[in-house]
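The values are calculated or read from the model by the stated rules, or taken from the named source; none is laboratory data. Remember, it's a predicted structure, so these values are computed and weren't measured experimentally. Quick reminder, even Gly has a Cβ in these numbers, built from the backbone with ideal geometry, and neighbours come from all protein chains shown. Quick note on the areas: whole protein, heavy atoms, side chains included, nothing else; ligands and nucleic acids left out. Shrake-Rupley method; radii C 1.70, N 1.55, O 1.52, S 1.80 Å.
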Amino acid sequence: MAENEIVLEAQVSRKVMAARLAIGLAQGLLLYWLYAAARDSAWPATSAYVMVPLMMVLLIWPVLLVSSLGHLTLRKVGYWLVAALLVLLVFAQHDVWRGLHADLLLPRWRYQSVWSPSAPLLLYSAAFFFIAHAMVMAGAHEGRRIASYNGYFETAWKLAIQLLFSVFFVGALFLVLWLGAELFMLVKLRFLRELLQQSWFNVPVICTAFSCAMHVTDVRPAIVRGIRTLLLVLLSWILPVAVVLVTGFICTLPFTGLTALWETRHATAVLLVAATLLLVLINAAFQNGEAIVALPLRVGARTAAILILPVIMVGIYALGLRVVQYGWTADRVMAAAYLLVTTCYAVGYLWAAYEYDTWLQPLTTVNIYTAFLVLAVLLALFTPIADPARIGVQSQMARLAKGKVAAADFDFHYLRYEGGRYGRAALQELTRATGPDAAVLQAGAKAMLAQDDKDRWKLPVRSTAPASVADNLTVWPAGAPVPTGFLAQKWDDTRDDQKPSCLSTREGKCDAFVFDADGDGKPEVLLIEKKNAFGGRLYAEDGDGKWSVAATLDYRDAACKPLVEKLRKGEFTLAAPRFKELEIDGQRVPLNAERPPRENCFK
C-alpha cells in the first residue's frame, strides 16, 4: 500500500492543486451567475430546458473533474466526463420534460418563472455518480473494466470520507469567518459581516474551499485510511445490538400478527431502513474481507446476513397489500425499486452466510454486481424507461376503468401534482369521460386542471354525507343524541386545515363526547380521532347555527389512552380554570397554567 501512496504523491502535484482550485473557483462563479439570474428572473433561469441542465452539470460535474485529476490520464478523464455529461443531460432534460416542478429545490422562485432540478433528481443523481465514479476510478487504477473488490472498497470509502470532510471543512471555514465578523463588530467594523451576506462572495468561496479540501484529503491517503478504519470499527460494534433488535422483532411477528404493522401505513419504509442498516453494519464489520474481526462480530455479521431476507419479505408483502388496495403510485414504484435491489443483496448475503468455509467472502461478488444493478435501476427510474410518475398514473387510471375505485373517491389531486405530464394528460382525458360517472369525472378533472400550482399542498376535501358523519362517530355517553345541526352541517365548506378526518373522509373514525362544556345549557361535541390523534377539538354552535372549533385538547392528552378511556366511561367532571382570563380593551387573553412534569400520560 505504501507503494501506491508514493505514486499518488508524485501524481498530485502543485499543478494539479492549482487546477483543482481554479475549477472550484470557476464552479462558484458560474453557480453565482445562475443564482443571480434566478434572483432577477432573467435568462437562463426562465428557460427550464437550459436552467435545469446547467444546474445539474455545475453541481456534480466539477466534483467528478476535481476527483479525477491526478488519478486518471487526460484521455480517460475526457472519456469519463463526456459520458457523465451525457447522463446528466439526459436526467435533467427528462426531469423537465416529465413536468414535475411542484417539488423544486427553489420553490419560492417557481412562482417567478424560475426553474431548478427536482429534489429527487439531485439526491439520486448524487448517489448514481458516487457509485459510478468510484467504479471508474477503481477500474482505471487497476487497468481493468471490473476491478477487484479491494479496489472498489478503497476507492469508494476514500471518496466518501473526502466528501464528508470537505463539507465539514467548508462549514468550519464559515464558522471562523462568522467569528471574525463578530470580533470586528466589537469595534464597530461591519465590513466582514456585510461581506458574508453577499452571495457573490459566499458561493465562490464555498466551491473553492470544497475543492481545496478534496485536494488536501487526496494527498493524505494514510490519514483518510485511518479515519475510515476507526469509523468502520465503531460502526461494526453496533451490529450485535441491531441483530438482537431485529431478531426480537421477527420473533414477535408470529404472536402479534401483521395487522398492527399494516395499520402504521409506513411499515415498508421502516423495514427498508432496517434492512439498509443491517447491510451497512455487515459491510462495516466485513470491510474488504481481510480485516481481523472479533468472534462476536463474525457471529453477528453472519446472523444479520440471514435476517435481511425475512425483513425484506415482510416489506414486499406490506408493499403488495398497498398496491392491491390502492394501486401503484410514484412513491410505491420507488419503494419497489429499492426492494428489488435489497432483495438481491438479501439473497446474496444469505448465500454468503451459508458458506461456512469462508468469512462471508461471497459478499465481494454480491456487492460488485449489485452495484451495477443499482446503476441500472437508477438509470431506468430517471428516464422514460420506468418513470415512476408514468407507472403511477397508468395504474390509477386502470383502477378507475376497472371500477376498483369509485369516481367520487378518485384522487384527481395525485394526477395533477404527482403525475407530471402523464397526470395532466390523464386529466384532459377525463374531461371527455363518458358513461354513468361522466359528470363527476369531468367536474373533478376540470376543477383540478384549473387549480393553481400554489395550492399543491392544499389537500382536497372529499365529500361526506351527513349520514356518513354519524357513521364515523362513536358517541359517548353511549346513546347520547348528537346535535342535529352538527350532523347536518356541510363540513366540506368549513375552512379548517386541522379538521378531524371523521368529518371529511369515509375512512376517518372519531370518539365524540357530547356534554355541556361552558354551562350555557347547550351541548358541545369533543372529537378525538381513534387513530393518529394529534389533539382533540371541541365544537360549539354559534348564534347563526354554525358549528366551529371553540377549544382544543392538547395532543398529549388526546394520545393518552388511559385518559381517553376514562372519558368514555364518563369518569370526569367540569372544573373552573385555575386562573381567570385577562380582559384588555374588550378582548380576552387567557393565562395558561404550566403543566407539571409527569412520569406517564395520566399522572
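To keep it simple, each residue is scored yes or no on (1) among the hydrophobic types (A, V, I, L, M, F, W, C); (2) modelled with pLDDT of 90 or more.
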position	(1), (2)
G392	no, yes
A401	yes, yes
A408	yes, no
T431	no, yes
L441	yes, yes
L459	yes, no
P466	no, no
W476	yes, yes
G479	no, no
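Here is a yes/no grid of residues against (1) in a loop (DSSP other than H, G, I, E, B); (2) over 31 Å from the mean Cα position of the chain (by Cα); (3) touching a residue at least 60 places away in the same chain (Cβ under 8 Å):
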residue	(1), (2), (3)
A470	no, yes, no
T474	no, yes, no
A480	yes, yes, no
D492	no, no, no
E507	yes, no, no
G545	yes, yes, yes
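Do any residues in the range 162-182 that are touching a residue at least 60 places away in the same chain (Cβ under 8 Å) and at negative phi have Cβ atoms under 6 Å from those of residues that are in a helix (DSSP H, G or I) and open to solvent by 50 Å² or more (accessible area, probe 1.4 Å), where the two are at least six apart or on different chains, and which pairs are they? Taking only residues 6 or more apart or on different chains, not a single pair turns up. With respect to the stated conditions, I308 fails to be in a helix (DSSP H, G or I) and open to solvent by 20 Å² or more (accessible area, probe 1.4 Å).
Considering only residues that are open to solvent by less than 30 Å² (accessible area, probe 1.4 Å) and touching a helix residue (DSSP H, G or I) at 6+ places or on another chain (Cβ under 8 Å), which ones fall in the range 490-511? Result: W491, K499, C502, L503, S504, G508, C510, D511.
If you go through the range 249-270 and keep only what is open to solvent by 50 Å² or more (accessible area, probe 1.4 Å) and part of a loop (DSSP other than H, G, I, E, B), you end up with L258, T264, R265, H266. The residues on offer are L183, L175, L179, and the sole one that is open to solvent by 80 Å² or more (accessible area, probe 1.4 Å), farther than 26 Å from L378 by Cβ and in contact with a Leu (Cβ under 9 Å, 6 or more places away or on another chain) is L183. In the range 524-543, which residues are in a loop (DSSP other than H, G, I, E, B) and either among the hydroxyl-bearing types (S, T, Y) or open to solvent by less than 60 Å² (accessible area, probe 1.4 Å) (or both)? Scanning the range 524-543 gives A533, G535.
Can you say whether A18 is part of a helix (DSSP H, G or I) and at pLDDT 95 or above, as far as the supplied structure shows? Answer is no for this residue. Consider V374 carefully, then state whether it is in contact with a helix residue (DSSP H, G or I) (Cβ under 7 Å, 6 or more places away or on another chain) and assigned to a loop (DSSP other than H, G, I, E, B). No; evaluated as a whole, the condition is false for this residue. In the range 188-201, of all residues being part of a helix (DSSP H, G or I) and touching a helix residue (DSSP H, G or I) at 6+ places or on another chain (Cβ under 8 Å), the one that is surrounded by the most Cβ atoms within 10 Å (Cβ to Cβ) corresponds to L192. Here L81 fulfils each of the conditions (1) under 22 Å from P384 (Cα atoms); (2) modelled with pLDDT of 95 or more apart from (1).
Considering A540, A550, A593, A576, which residue is without any contact (Cβ under 8 Å) to a residue 24 or more places away in the chain and closer than 15 Å to F486 by Cβ?
Step by step, each of A540, A550, A593, A576 is checked, and only A540 is without any contact (Cβ under 8 Å) to a residue 24 or more places away in the chain and closer than 15 Å to F486 by Cβ.
Taken over the range 565-579, the residue count meeting the criterion of being open to solvent by 80 Å² or more (accessible area, probe 1.4 Å) and outside any loop (DSSP other than H, G, I, E, B) is 1. Of all residues in the range 21-57, how many are free of Cβ contacts under 8 Å to residues at least 12 places away in the same chain and either among the acidic types (D, E) or in contact with a Cys (Cβ under 6 Å, 6 or more places away or on another chain) (or both)? Total satisfying the criteria: 1.
Among the residues of the range 344-366, those identified as open to solvent by 20 Å² or more (accessible area, probe 1.4 Å) and in a helix (DSSP H, G or I) are C344, Y345, V347, L350, W351, T364, T365. Sort out which residues of the range 314-325 are open to solvent by 50 Å² or more (accessible area, probe 1.4 Å) and either under 18 Å from the mean Cα position of the chain (by Cα) or of a type in the set (F, W, Y) (or both), and write them in order of number. The one that is open to solvent by 50 Å² or more (accessible area, probe 1.4 Å) and either under 18 Å from the mean Cα position of the chain (by Cα) or of a type in the set (F, W, Y) (or both): Y317.
Consider A533 carefully, then state whether it is free of Cβ contacts under 8 Å to residues at least 40 places away in the same chain, within 17 Å of L473 (Cβ to Cβ) and of a type in the set (A, V, I, L, M, F, W, C). Considered against the rule, which asks whether it is free of Cβ contacts under 8 Å to residues at least 40 places away in the same chain, within 17 Å of L473 (Cβ to Cβ) and of a type in the set (A, V, I, L, M, F, W, C), A533 comes out as yes. Cβ separations smaller than 7 Å between residues 6+ apart or across chains give the following pairs from the range 201-212 residues that are of a type in the set (V, I, T) to residues that are in a helix (DSSP H, G or I) and open to solvent by 40 Å² or more (accessible area, probe 1.4 Å): V203/Y32; V203/Y35; T208/L21; T208/L25. Within this structure, V233 fails the test of being of a type in the set (V, I, T), out of contact with any Lys or Arg (no Cβ under 7 Å at 6 or more places or on another chain) and not in a helix (DSSP H, G or I). One residue stands out among those in the range 211-236 that are open to solvent by 40 Å² or more (accessible area, probe 1.4 Å) and touching a helix residue (DSSP H, G or I) at 6+ places or on another chain (Cβ under 6 Å): the one that is farthest from Q287 (Cα to Cα), which is I227. For the range 419-439, which residues satisfy the criterion of being touching a helix residue (DSSP H, G or I) at 6+ places or on another chain (Cβ under 6 Å) and either open to solvent by less than 60 Å² (accessible area, probe 1.4 Å) or of a type in the set (A, V, I, L, M) (or both)? Within the range 419-439, G419, G420, Y422, G423, A426, L427, L430, T431, A433 meet the criteria.
Residues are listed down the side, and each one gets a yes or a no for (1) under 30 Å from R416 (Cα atoms); (2) charged (D, E, K, R); (3) open to solvent by 30 Å² or more (accessible area, probe 1.4 Å):
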position	(1), (2), (3)
L281	no, no, no
A285	no, no, no
V299	no, no, yes
G327	yes, no, no
T342	no, no, no
Y369	no, no, yes
V377	yes, no, no
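Here Y49 passes the criteria (1) loosely packed, with under 15 Cβ neighbours inside 10 Å; (2) farther than 26 Å from Y414 by Cα except the one numbered (2).
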